[in-house]
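Accompanying notes for the structure given below.
The values are calculated or read from the model by the stated rules, or taken from the named source; none is laboratory data. Owing to the predicted nature of the structure, the values given are computational and were not obtained by experimental measurement. Cβ placement follows ideal geometry from the backbone for every residue including glycine, while neighbour counts extend to all protein chains displayed. Remember, those area values only see protein heavy atoms, side chains included, never the ligands or the DNA or RNA. Shrake-Rupley method; radii C 1.70, N 1.55, O 1.52, S 1.80 Å.
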Amino acid sequence: MSLGAFKSALGMSLYDNPLPNGDRWIMQRLTNVVHEYYDGWFDVLYRMQARYRCKGGHDWTSSWTMILFRFYRNEKKHFGLIRLKRFGQRCAKCKDDREYYTGSC
């Protein structure tokens, strides 16, 4: 699949299933990633900066926000899958709060 075809397919998918909070995708070359390939899946662990807010009202920014992308392409059936997992962080100011919060990128 070419990059243009991938962008087009991803764009159509996002049009049908928009991201929450008005967030949007931007295609860019990754520089701070770890790649791993296994059993037909290709993983990319990406580090980026995000803003957080806990239920106690504390705000913080972290440059250690981790997002895991998993890609799978089935060439015989001509389809691919992309999975995304955002890792959360705990609030350092709320000592009793064990909840993890996902950031806004």
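Summary of computed values
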item: Qualifying residue in the stretch 61-78 (condition: more than 30 Å from SER8 (Cβ to Cβ), open to solvent by 80 Å² or more (accessible area, probe 1.4 Å) and modelled with pLDDT of 85 or more); result: yes
item: The stretch 49-76 residues that are among the aliphatic types (A, V, I, L, M), paired with ones that are outside any strand (DSSP E or B) (beta carbon under 9 Å, 6 or more apart); result: ALA50/THR102; ALA50/GLY103; ALA50/CYS105; MET66/PHE87; ILE67/PHE87; ILE67/CYS105; LEU68/PHE87
item: Count of the stretch 38-60 residues which are farther than 19 Å from ARG98 by Cβ, surrounded by 13 or more Cβ atoms within 10 Å (Cβ to Cβ) and of a type outside the set (Ser, Thr, Tyr); result: 8
item: Residues (in contact with a strand residue (DSSP E or B) (Cβ under 7 Å, 6 or more places away or on another chain) and part of a strand (DSSP E or B)) located in the stretch 75-105; result: GLY80, LEU81, ILE82, ARG83, LEU84, LYS85, ARG86, GLN89, TYR101, SER104
